[in-house]
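Some notes on the structure that comes next.
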Amino acid sequence: MKLWLCALLLPLMAGCALMSTSYVEPAEYDLSVPEKPLPEVRFELGTFRNLSGSDRRFLYRESDGKMFSDDYNRWLLSPDLMLERQLHRALSPREEVRTGGRNGRFLRLGGTIYRCEFDRGQKKAVLSVDYTVRVYVDRRPVRTENLNVSTEQPIRGNTPAAAATAMSECMAESIAAVRALLLEVNQDEQKAK
């Protein structure tokens with residue numbers, strides 16, 4: 001009886017082994033943003049929220065509005081953490097601002113990511129962020145400025161690396177806009193002293 005059962009199950013198990021798919025390691029991508037420090041602006045990074053629907057996996061929008069995520073291509077971090085990291089790298093706040101306390105006048109930058117996706121129909125990367133700059137004097141908020149930055153960059157090629165490059169260009173454009181806002185708010189605050 002045991003021999004008969006083994007003879008019956010052996011072809012079944014061999015078929016399952018032949019049909020199983022091999023594991024594919026997901027590719028991870030990071031953003032690359034040029035560094036342009038702001039040593040003249042005393043600011044710190046606050047928190048960023050991610051309401052884009054994107055997590056670490058690449059998020060694609062079809063022409064009919066259908067969204068799907070890619071299990072095989074993903075970001076190194078979630079979009080909110082990636083943006084915080086890129087802002088920190090690109091604008092590099094001075095060390096004494098981060099560790100020197102919050103007395104005096106300083107700016108805090110935060111925001112919300114609404115879109116971080118790839119539009120397949122139009123072959124472009126899309127990033128939409130609402131930035132908030134709060135001015136503090138001796139730990140009290142005295143002023144708030146908001147900036148909505150929506151950027152789109154064409155995806156040049158049909159690879160995930162080309163898509164990541166386009167999103168890096170979106171991020172660089174977005175950071176350049178918020179950099180200009182930080183400089184403007186800082187200049188206004190210097191005049192107000």
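Since every read-out is calculated from the coordinates, none of them should be taken as a lab result. Quick caveat: nothing in here was measured; it's all calculated off a predicted structure. Glycine gets a Cβ as well: all are built from the backbone with ideal geometry, and neighbour counts include every protein chain shown.
Per residue, the convex hull spanned by the Cα atoms of the stretch 27-182 amounts to 102 cubic angstrom. Descending by average beta-carbon neighbour count within 10 Å, the peptides 127-135, 149-157, 167-175, 34-42 line up as 167-175, 127-135, 149-157, 34-42, the highest first. The modelled label-to-label distance for the pair Ser150/Ser92, using points 7 Å beyond Cα in the direction of Cβ, is 3.4 nm. Obtain the radius of gyration and the Kirkwood radius of the stretch 130-188 from its C-alpha atoms and give Rg over Rh. Rg divided by Rh gives 1.19. A cut-off under 12 angstrom between Cβ atoms defines the neighbours of Leu109, and their net charge, with Lys, Arg +1 and Asp, Glu -1, is 0. In this rough spin-label picture, where each label sits 7 Å from Cα along the Cβ direction, the Asp55-Glu25 distance is 2.2 nm.
By the Kirkwood approach, averaging reciprocal distances over each pair of separate Cα atoms, the stretch 25-64 gets a hydrodynamic radius of 14.6 Å.
Given R0 = 45 Å, the distance between the Cβ atoms of Asp64 and Asp138 translates into a calculated FRET efficiency of 0.25.
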